[in-house]
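What follows is a set of notes on a single structure, which appears directly below.
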Amino acid sequence: MSEVQKQSVGSHFPPTGGARGGRIIIAGGGTGGHIFPAVAIAHALRKLQPGIDILFVGAKGKMEMEKVPQAGYEIKGLDIAGFNRSSLIKNIGLPFKLIKSFWQVRSIIKTFQPDAVIGVGGYSSFPVLRYAQAQGIATFIHEANSFAGKSNIMLGKKASKIFVATDGMEKFFPAEKIMITGNPVRQNIVNNIISRSEGIQFFGLEPAKKTVFVTGGSLGAKGINEAIDAGIAAFAQNNVQLIWQTGKPYADRASAIAVENKNIWANSFITQMEYAYAAADIVISRSGAMSVAELCVAKKPVIFVPFPFAAEDHQTANAQNLVNKQAGLMIKDSEAKEKLVAKAIALAGDEQQQNMLKGNIAKLAITNADEVVAKEILRLIS
C-alpha cells in the first residue's frame, strides 16, 4: 500500500504549490463509470493550472481507493455504504455510517479548505457536497447518465454548475445551471488510429468476414453472454465472426466454445479496447454512461442491451436517448436470448442501416469533455 493510501482522514495536507494554485476536492466513485471521468477531469485541471492541489474523497473498500492513487492523486476514504436492496438486515448500520461520514467530511474540508468541490456520482459524493454547500463552498456536479440519480437531483438545487452528458436534463436540474459537456473518454479511444485490418489481425480473425464485438464491461453481462451462447451456431452459419469479452464468470464456458469455433475469439477481459473497436463492424454492449460515450467516439453501429437493475433504470434511458436519434438499436435484457443474435446477424447484412447508425452516432461524439469541464470550473472559481 502506498503512503497516499495509508494517510488517515484529517491528516496534514501539503501547502498549495505554484503561483496559480487553488484547492479542489473531487468526490465520488464506486464504479469505473464514476472514477474514470473524475480522473480525466483532474488531469485536465492539472494541465490547465499546474499549481492546483486536488484531493479525492471516496468510499473505503471501493475501487477508487486503488485506482485514484494509481493515477497519481491523494484520496481520503469515508466509512460509508449504499443501501443494500438484496439484504435489508445489512442496512442496520447505515445511519451510524452516514453520521460518521459527515464528521469525516467536516474534518477533511476544514483541514483542506477547498475552493470548490466536484461530485461525480456514487454515494460517497453526497455528504461531501452537502457539507460544502452548507459552508458556502462552490460545488459542481458531473452527471454522466441521461437519467439523473436522486442524490445529484437533491444536490443540484444549490450547485454552482451541473455538467451533463446529454440534452433534456432540465427535468432533473435547474435549466440555468446546466452545461452540456458530454462524458470524458479515455485517450487511447479518442486518439485511436488503428486500422480495421490491424484490429482483425490482433485477434487472429479473417478480414473478409463481418465482425461483431460483444462486451458487457469488465465483469461481463450475464444476459448478453447467455444470449450469445444460445445462438452461437448462427454466427458461423451466416459467415459472421465474433470478438467476445465475457467477464470472469463466463470465461471458461466461452473459451471452450471458442476452441470448437474458429470464427470466435473469447476472453474474460480486453485490455487494449482500441483494437476491438477497430476490428468491429458491429458492437453489442451494455449502455452505461461511459460505454455510450466511448461508442460515440468509436463511431460503431451498436445494439444496446441495458442492464435492467441499474439505479433508476438509467441504462435503458441512456440507450433510449440514442435510439430516439437513430444512433443505436436496443433489445431488452429479458428478450436478449430470443432476439439478440438474430438482430446482430440481420444488422451485419444490412450495410445501409450500418451506415445510418454510424453517421448518427458519430454526431454525438465528444472528445474534449474533460477540458471543457475543467475550464468552466476554473473560470467560475477564479
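With only Lys, Arg, Asp and Glu charged, each at its Cβ (+1 for the first two, -1 for the last two), find how big the charge dipole of the chain is about the Cα centre; round to the nearest 20 debye.
I would put it at about 960 debye.
GNM, the chain, Cα, under 10 Å: largest mean-square fluctuation among Ser291, Ser195, Ser124?
Ser195
Take the residue pairs Lys177/Lys363; Lys262/Lys299; Lys67/Lys150; Lys177/Lys358; Lys150/Lys343 and return only those whose Cα atoms are more than 29 Å apart.
Lys177/Lys358; Lys150/Lys343
Who wins for biggest fluctuation among Gln354, Gln241, Gln70 in a Gaussian network model of the chain, springs between alpha carbons below 10 Å?
Gln70
Counting only Cα atoms, I'd like the Rg/Rh figure for the stretch 174-234, Kirkwood definition for Rh.
So for the stretch 174-234, dividing Rg by the Kirkwood Rh gives 1.14.
Ignoring everything but the protein chains, give the 1.4 Å probe accessible area of Phe36 in square angstrom, nearest 10.
Here the accessible area works out near 90 Å².
Accessible area per residue for the chain in Å², computed with a 1.4 Å probe and the full protein assembly in place, what is it? Intermediate results must be reported in sequence, preceding the final value.
Working: 17610 Å² over 382 residues.
Dividing the accessible area of the chain by its residue count gives 46 Å².
Tell me the relative contact order for the chain as a rounded percent, counting alpha carbon contacts under 8 Å between residues six or more apart.
Values: 779 pairs, mean separation 57.1, N = 382.
Dividing the mean separation by the residue count of the chain yields 15 percent.
Restricting things to Cα coordinates, could you compute the convex hull volume per residue of the chain in Å³?
Dividing the Cα hull volume of the chain by its residues yields 144 Å³.
Have a look at Gln326, Ala230, Gly204 and report the one farthest towards the positive end of the charge dipole of the stretch 188-363, computed about the Cα centre with Cβ charges (Lys/Arg +1, Asp/Glu -1).
Of Gln326, Ala230, Gly204, it is Gln326.
Roughly how large, in nm² to one decimal, is the mean projection of the convex hull of the alpha-carbon atoms in the stretch 188-363?
Details: hull surface 36.2 nm².
With every direction weighted equally, the projected area is 9.0 nm².
When a/c reaches 1.5 or more, the comparison of a/b and b/c decides; with that in mind, is the stretch 217-269 rounded, prolate or oblate per its Cα gyration tensor?
prolate
In cubic angstrom, how much convex hull volume per residue do the alpha carbon atoms of the stretch 306-367 span?
Values: hull volume 5.7 nm³, N = 62.
Cα-based convex hull of the stretch 306-367, divided per residue, equals 92 Å³.
Which one, Val240, Pro69, Ile194, is farthest towards the positive end of the dipole of the chain when Lys and Arg carry +1 and Asp and Glu -1 on their Cβ?
Going by the charge dipole, the pick is Pro69.
Which semi-axis lengths, in whole Å and largest first, follow from the square roots of five times the eigenvalues of the Cα gyration tensor of the stretch 132-231? Don't jump to the answer; show the numbers that get you there.
Numbers: eigenvalues 323, 64, 28 Å².
Semi-axes from the Cα gyration tensor: 40, 18, 12 Å.
Please give every one of the aspartates and glutamates within straight-line cross-link reach of Lys222, meaning a C-alpha to C-alpha distance under 12 Å, and leave out same-chain neighbours fewer than 8 residues apart.
List returned: Asp333.
As a test of the formula, what do you get for the chain when each DSSP H run with n ≥ 4 contributes -39,500 (n - 2.57) and the sum is divided by the residue count, at 222 nm and rounded to the nearest 500 deg cm²/dmol?
Only helices count here, giving -12500 deg cm²/dmol.
Let me know the charge dipole size of the stretch 188-363 about its Cα centre in debye, to the nearest 20, where only the beta-carbon of Lys, Arg (+1) and Asp, Glu (-1) is charged.
Using only the charged Cβ atoms, the result is roughly 220 debye.
The values are calculated or read from the model by the stated rules, or taken from the named source; none is laboratory data. Owing to the predicted nature of the structure, the values given are computational and were not obtained by experimental measurement. Note: ideal-geometry Cβ built from the backbone for every residue, glycine included; neighbour counts use all protein chains shown. Quick note on the areas: whole protein, heavy atoms, side chains included, nothing else; ligands and nucleic acids left out. Shrake-Rupley method; radii C 1.70, N 1.55, O 1.52, S 1.80 Å.
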